[in-house]
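The values are calculated or read from the model by the stated rules, or taken from the named source; none is laboratory data. Owing to the predicted nature of the structure, the values given are computational and were not obtained by experimental measurement. All Cβ positions, glycine included, derive from the backbone under ideal geometry; neighbour counts span all protein chains shown.
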Amino acid sequence: MNKDTHPQTATLTINGKSYELPIIIGSEGDKAIDISRLLQQTGYITLDTGYKNTGSCTSTITYLDGQEGILRYRGYAIEELAEKCSFVEVAYLLIHNKLPNRQELEEFKGLLERFALLHEDMIHFFDHFPPNAPPMSILSVMVNALCNYYPEMSDDPLKNIDLTATRLISKIRTIAAFSYKKNLGHPLVYPRYDLCYCGNFLNMMFDKPVRPYTVRPEIVAVLNKLLILHADHEQNCSTSAVRLVGSAGVNLYASISAGINALWGPLHGGANEAVIDLLELIYADDCNYEKYIAKAKDKNDPFRLSGFGHRVYRTYDPRGTIIKKACDDLLATLNVSDPLLDIAKKLEEIALKDEYFIERNLYPNVDFYSGIIYRAIGIPTNMFTVMFALGRLPGWIAQWKEMREDQGTKIGRPRQVYIGETFREFKPIDERD
């Protein structure tokens, strides 16, 4: 943040009276007008539906430039992190603002291994969910319940943040895998000390007593990449939910549970599932691409091409470029032919040449190819958003930690502009028409 001794200001004039508002400049040139004292000084508030132009905080975690297609975690380019790091390294980076050295990484991994098991009492919880309960619902409930088994965080939330962070990051994959197994009616597979983070998750998901699962390094590598690409993305809906709920002083588990519920929405984390639904719809309709391109362009048709466009990016999502190559490489390695991939590529090819999509900056985003990778790995569609949550968890923890460490944090309390009835005189029920 700019610490210039002669700060810039913006002048706001209301009814002929002028007010000077400070301008905040971020380390990468982001500019914001500080309106924190606007109501006090002027009697006015701002109205910004959807918060498209409103910054809720300052942050050192993720830098995103939607115009240039840049994404960095703690200053590191997403392209380098996805290519050269494990997900565990990136989780450490987000939480601690530094990449770990070898000793720090081994200690962090040791905590993940130590906390991989669920309390046996919690395992009985799975028995009481209906067979077809949505996995995100189960994930939210189970994460929230962790505070009852590990209450030590209530005393000093930041004192043992590594213990709480690794406990969450480790147990969430166990919860996710167990919920999948319970849904199938299969026996649970417990975590193993000899497998890496992603390898352990894959083994818990797919190992069976009658058919042992072989953890393939190519699948581990692409899963690491997917989780890294989802690890944080600035102040999106779910991250904002984590910060807003956390600002009330609740524990980290409850805050993360709120983030999971926000991510569950089809307009947020559920988008990759919607992409698969779209591709399957087109496939079932004799691969009639032109029909659905035309529907998407028809302003009177509510149909939208899922996986195209982004709230922030006005060019190609940098994560989309990485994930497309990872998808091609994995399917070639596994010798998998997926007709949905052919449809996805055709849609992308058409959209990138069509003026309608170009003018509106509707480029493929991170969700467009991720579902195809998950299908190739064997992860069912109803688990796609759970995978998103696994990846986003370190970012949520880092954002919650930053919010709690900030001495200027106040409980989130948005204002509103009331447009309802003015004062009405109350009438007893016998006098009402």
**Request:** Looking for whichever is more than 26 Å from the chain's Cα centre (by Cα) and either part of a helix (DSSP H, G or I) or under 24 Å from His233 (Cα atoms) (or both) here; the options are Ile323, Ile350. Which one fits?
**Result:** Ile350
**Asked** For region 179-255, which fully contained helices (runs of 4 or more DSSP H) count at least 1 residues that are assigned by TED's automatic domain parsing to the domain that holds Lys109 and over 30 Å from Thr409 (Cβ atoms)?
**Response** 197-206, 217-229
**Request:** Just one of (1) at positive phi; (2) crowded, with 23+ Cβ neighbours inside 10 Å; (3) of a type outside the set (S, T, N, Q) trips up Glu234, so point out which.
**Result:** (2)
**Prompt:** Here are Leu362, Leu347: which of them is among the aliphatic types (A, V, I, L, M), surrounded by fewer than 22 Cβ atoms within 10 Å (Cβ to Cβ), at pLDDT below 95 and over 30 Å from Ile172 (Cα atoms)?
**Reply:** Leu362
**Asked** Across region 246-257, which residue is surrounded by the fewest Cβ atoms within 10 Å (Cβ to Cβ) among those that are touching a residue at least 60 places away in the same chain (Cβ under 8 Å) and closer than 15 Å to Ile397 by Cβ?
**Response** Ala254
**Asked** Based on what the data block shows, is Leu184 of a type in the set (A, V, I, L, M), crowded, with 21+ Cβ neighbours inside 10 Å and more than 17 Å from Ala91 (Cβ to Cβ)?
**Response** no
**Message:** Residues that are of a type in the set (A, V, I, L, M) and exposed (fewer than 15 other Cβ atoms within 10 Å of the Cβ): does region 143-155 have at least one?
**Reply:** no
**Item:** Filtered residues of region 60-91 (kept if surrounded by fewer than 21 Cβ atoms within 10 Å (Cβ to Cβ) and part of a helix (DSSP H, G or I))
**Value:** Glu79, Glu80, Glu83, Lys84, Glu89
**Prompt:** Is there any pair linking a residue in region 57-82 that is in contact (Cβ under 8 Å) with a residue 40 or more places away in the chain to one that is assigned to a loop (DSSP other than H, G, I, E, B) and among the aromatic types (Phe, Trp, Tyr), with Cβ under 7 Å and at least six apart or on different chains, and which?
**Reply:** Gly66/Tyr313; Gly69/Tyr313; Gly69/Tyr316
**Request:** Pairs only if they're at least six apart or on different chains, beta carbon under 6 angstrom, first in region 198-225 and crowded, with 16+ Cβ neighbours inside 10 Å, second among the aromatic types (Phe, Trp, Tyr); list them, first residue then second.
**Result:** Asn203/Tyr213; Met205/Tyr180; Phe206/Tyr213; Asp207/Tyr213; Asn224/Phe87
**Message:** Restricting to region 287-311, name every residue that is within 21 Å of the chain's Cα centre (by Cα) and buried (at least 16 other Cβ atoms within 10 Å of the Cβ).
**Reply:** Leu305, Ser306, Gly307, Phe308, Gly309, His310
**Item:** Single unsatisfied condition, Thr333 versus (1) in contact with a helix residue (DSSP H, G or I) (Cβ under 7 Å, 6 or more places away or on another chain); (2) within 20 Å of Cys287 (Cα to Cα)
**Value:** (2)
**Asked** Just to be sure, is Gly320 in contact with a strand residue (DSSP E or B) (Cβ under 9 Å, 6 or more places away or on another chain), at pLDDT 85 or above, under 30 Å from Ala77 (Cβ atoms) and among the small types (Gly, Ala, Ser)?
**Response** yes
**Asked** Residues of region 114-140 being crowded, with 18+ Cβ neighbours inside 10 Å and either touching a residue at least 60 places away in the same chain (Cβ under 8 Å) or of a type in the set (D, E, K, R) (or both), which ones?
**Response** Ala116, Leu118, Pro135, Met136, Leu139, Ser140
**Prompt:** Among the residues of region 107-147, how many are farther than 23 Å from Pro380 by Cα and of a type in the set (S, T, N, Q)?
**Reply:** 1
**Item:** Pick from region 164-181, criterion of a type outside the set (A, V, I, L, M) and either more than 25 Å from the chain's Cα centre (by Cα) or over 27 Å from Arg216 (Cβ atoms) (or both), ranking: modelled with the highest pLDDT
**Value:** Arg167
